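Heads up: the structure comes next, in structure tokens.
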Amino acid sequence: MKRRKFDVAALPGKSAGAVDDRFQVATPLRKLLNKVFPDHWSFLLGEIALFSFVVLLLTGVFLTFFYEPAMTEVVYDGSYAPLVGTPMSAAYESSLNLSFDVRGGLVMRQMHHWAALLFMAAIVVHMLRVFFTGAFRKPRETNWIIGSLLFWVGFLAGFTGYSLPDDGLSGTGLRIASAIMLSIPVIGSWVTSSIFGGEFPGEIIISRFFIAHVLLIPALLVALITVHLGLVFKQKHTQWPGPGRTNENVVGERMFPRYALKQGGFFMVVFGVIALMGGLFQINPIWYFGPYEAWVVSAASQPDWYVMFLDGSTRLMPAWQLTIPIGNGYVIPPLFWPTVVLPGILVGISLFYPFLEARHLKDRKHHNLLQRPRDVPARTAAGSMAVAFYVVLTLSGGNDVIADKFQISLNAMTWAGRIGLLIVPPLAYYLAYRLCLGLQQHDREVLAHGVETGIIRRLPDGRFVEVHQPLTAVDGHDGHGELDYVGWVVPKKMNRLGALGPAVRGFFYPIERPAEAPVSPGHPPVEPRPERAEVGSGESRR
Amino acid sequence: MTSDNDRRRGLLARLRGRPVARSRGRRRLGAAVRLIAALTLAGGAYTVFAPGVQAQENPPLSAAAGEGKALFDVSCVTCHGRNAQGVEGRGPSLIGVGSASVEFQVSTGRMPMARQEAQAMRKPPQFSDEQVRQLGQYIQELGGGPQVPAGNDLHKDANVAAGGELFRINCSQCHAFGGGGGALSSGKYAPSLRPASDRQIYAAMLSGPQNMPVFGDNQLRPEQKAQIIAYIQENLKNNQDQGGFSLGRYGPSTEGLAAFLIGIVALVFASLWIAGKS
């Protein structure tokens, strides 16, 4: 009698076959798992945002177990002595208990907050990458719009979350938000009283913001992120131009196993960085701000960094009040322009930029290859201008802290911001434009004349010339070769041309031996670099 | 009785009734007596009400105040004047500021000032504690004013939580939630409270130095001042930050900076590393 042999090695294949028999998933799954993603570090910036969002969901769920979204007044009697006996809202009390009495609560709260800052930061960095490389062009305009919306929805998520602890800082932020809503002509007071359920602060706003923060906005974010990623799948990822890469193909790694493994590892790294920041750096110490009371406003009350540009625009806005002579005079407060009109314009420009550019360039083609920022000077310069504008506003949002810590007059900071807002962006445009042209010119120069070797040769007639290493066979005419620029990196150093022998691979430590050891029989041992003959002017006096 | 003649006579004469003829000698004597009486009255009133030139010198200075005056005449007189009456465009009068003000300004090194600017800043003090006391004594004896109670520990057994409430209402607007200080207009600022001692905080509240409002004893009672000092010393200064490194307690500005400089930089390097492993 023959013993039945259990073949372990065949088990995965057999079970997979059994599953496919029943569900017929092999074909779609094969297509999915074989999906090719191009590989470049700048394509991973969006993932930082995605993984921060996952951390946000995980830590956020933990926080909801202990947070109480109510404004009923209680007297604190927890373990943080300097607030014992202070009347406060239940929301603030539960935030304090979460920080001091729940095991691991403080690190979770801090991770949640750091993840939120990183989420928004990664969105912006990813957006800049997409913008400066032209990845938003047809057919990907929709995904650009979704990405921009993700920033603004994330902005709302951040603001509602910032308001939930109901400490002095969040209350101050809420007060400003209510003032911004009030400044909207005609509908302002109705909007405010319907959101706050009457006068500010009312008794309902925390519960409303809570449900917006944990249900409505995350649902919207999840939906937008899903469509965003689905479109990347459907439309395929863009890639850099280069050997073998065309507008019609995608060169890279398959989704499974390499890409999935790398992404899994990257998620761990993002999680680790957020956990380290949550554990090492204190963020939003709500216990110092105390419960929100209308008469308590601390110095250095700022919003989180992604809202700070609105604070900055408010600080820079001159007190120009518009009175419309209807009836007793209708007043549009100066707050309306920097906090409602300006963000409105910014949203509009950012959403419609792909169409504006395509219309301007009369460009209706599909673009799957990226552009180097230097090759599109006008766009790069416009982007630099936008970044400069945003940076000036953001710095002005913290101008009191800058003024205090660097001992500058606050008034000088305000005026520097006002003047800077008008002068720095055009300057950034000009500088970026010139920089792009200069880099382009250098690329063309290297392609035509070769790489600078740093070797100076003295000719018999006494002239000095630098020896160039041509990148292609010289046609003998005037030392020029014919090489077209293909939109990718032009080697500019001899090291890139193999002057130092094969490059040592590995980021932190060499993953292959640089020296003689042959890697494979087909790979001959590397010859040591031949001793370079001294370059002289002929006879040497030796 | 209402004749023209009657109307021409003076008021006193009319009250007195019928004029009585007096001899010339008596009238002259009466005039002299009235003159002397009026002069004496006027002179007396002047001596009583007017600040005499002699008045300042009159009460003799105590020994400590004498030492203080000697220090004052060397180090302070340039800007505050010979008798601490102030010099136009250089320094204010010190009459009535009290030893609290002297103690705050001199013991924190703000006075003597390095130069005229928006606000004097904290420096290593130029005078020893003993000298500060002598200077304060001199100014106190010169014009009076608020004084800091004796002792170095002014917050003993005070309620920290009550102090926190008072701190947030009265102090955090300028000195910020963590006591790190903040900007005011035109180069002025509220300094950090971290280096301040009990006596210096108390003196600052009493005297309202530079741009700080005065918190007199009818605004903040002495026990409330003690509570505020307790909150600053016991909680803001003594306490470690529960959440880790505080990033300077500058609020969300440095947090945003850290998100980019630490978080994004670390993650971009991680993405370079991961993308490099192909």
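So the values come out like this:
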item	result
Solvent-accessible heavy-atom area per residue, rounded to whole Å², over chain B at 1.4 Å	56 Å²
Anisotropy class of region B:102-197 from Cα gyration tensor, a/c 1.5 cut	oblate
Selected from B:134, A:19, A:115, residue furthest toward positive end of dipole (the protein assembly as shown; charges at beta carbon)	B:134
Unsatisfied cross-links (Cα-Cα over 22 Å) in the set A:138/B:277; A:234/A:362; A:236/A:262; B:156/B:237	A:138/B:277; A:234/A:362
Average Cα contact separation per residue, chain B, under 8 Å, 6 or more apart, as relative contact order %	15 percent
Test item: Cα-centred dipole of chain A, Lys/Arg +1 and Asp/Glu -1 on Cβ, debye	2180 debye
Accessible carbon and sulfur surface of chain B relative to its total accessible area, %, 1.4 Å	58 percent
Positive-end residue of A:473, A:216, B:106, charge dipole of the protein assembly as shown with Cβ unit charges	B:106
Size of the B/A contact, given as accessible area buried on both chains, probe 1.4 Å, in Å²	5000 Å²
Degrees separating the helix A:45-64 axis from the principal Cα axis of chain A, which is the longest one	30 degrees
Cα-based convex hull, region A:303-356, per residue volume (Å³, whole number)	109 Å³
Net charge dipole size for region B:159-245 [Lys, Arg +1 and Asp, Glu -1 on Cβ; Debye, nearest 20]	200 debye
Debye log10 I(q)/I(0) at q = 0.14, 0.16, 0.19, 0.20 Å⁻¹ for region B:41-143, Cα point scatterers	-0.56, -0.70, -0.92, -1.00
Taking N as its residue count, the alpha carbon Rg of region A:143-220 over 2.2 N^0.38 Å	1.15
Gaussian network model of chain B, springs between alpha carbon atoms under 10 Å - residue of B:260, B:104, B:49 with greatest fluctuation	B:49
Cα point-scatterer Debye curve for region B:137-278, base-10 log of I(q)/I(0) at q = 0.11, 0.19, 0.20 Å⁻¹	-0.53, -1.15, -1.23
Anchor residue B:188: aspartates and glutamates whose Cα lies under 15 Å away (excluding residues fewer than 8 positions away in-chain)	A:400, A:404, B:117
Partner chain coverage, peptide B:225-238 - average Cβ within 10 angstrom	1
Using alpha-carbon coordinates, inclination of helix B:129-143 to the longest axis of chain B, degrees	30 degrees
Among beta bridges that DSSP assigns inside the protein assembly as shown, antiparallel share in %, nearest 5	90 percent
Within a Gaussian network of chain B (alpha carbon springs, distance under 10 Å), most fluctuating of B:83, B:218, B:170	B:218
Residues in region B:246-261 that, when all protein chains are in place, have 40 Å² or more less accessible area than the chain alone would give (probe 1.4 Å)	B:250, B:252, B:253, B:255, B:259, B:260
Peptide A:300-309 - average C-beta neighbours from other chains (10 Å radius)	6
Carbon + sulfur, % of accessible area of chain A - ligands and nucleic acids excluded, 1.4 Å	65 percent
Value of [θ]222 nm, deg cm²/dmol, for the protein assembly as shown, DSSP H segments ≥ 4, -39500 (n - 2.57) each, nearest 500	-16000 deg cm²/dmol
Nearest 10 degrees, 0 to 90: helix B:198-207 Cα axis against chain B principal axis	40 degrees
Volume of the Cα convex hull of the protein assembly as shown, divided per residue and given in Å³	418 Å³
Value of relative contact order over chain A, rounded to a whole percent, pairs C-alpha under 8 Å and six or more apart	15 percent
Candidates B:195, B:146, B:252, ranked by Gaussian network fluctuation over chain B, Cα under 10 Å, top entry	B:252
Percent breakdown of C-alpha pair distances by 10 Å bin, ordered from the shortest bin, for region A:239-312	13, 21, 23, 18, 15, 9, 1
Average accessible area per residue (Å²) across region A:28-184 - probe 1.4 Å, nucleic acids and ligands excluded	35 Å²
Whole-number percent relative contact order across region B:110-187, with pairs defined as alpha carbons under 8 Å at least 6 apart	22 percent
Net charge dipole size for chain B [Lys, Arg +1 and Asp, Glu -1 on Cβ; Debye, nearest 20]	2500 debye
Gyration tensor verdict on chain B (Cα atoms; rounded if a/c is under 1.5, prolate if a/b is larger than b/c, oblate otherwise)	prolate
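The values are calculated or read from the model by the stated rules, or taken from the named source; none is laboratory data. As the structure is a prediction and not an experimental result, all values here were calculated from the model. In this analysis, Cβ positions are derived from the backbone assuming ideal geometry, glycine residues included, and neighbour counts consider all displayed protein chains. These accessible areas exclude ligands, DNA and RNA; they are computed on the full protein's heavy atoms, side chains included. Shrake-Rupley method; radii C 1.70, N 1.55, O 1.52, S 1.80 Å.
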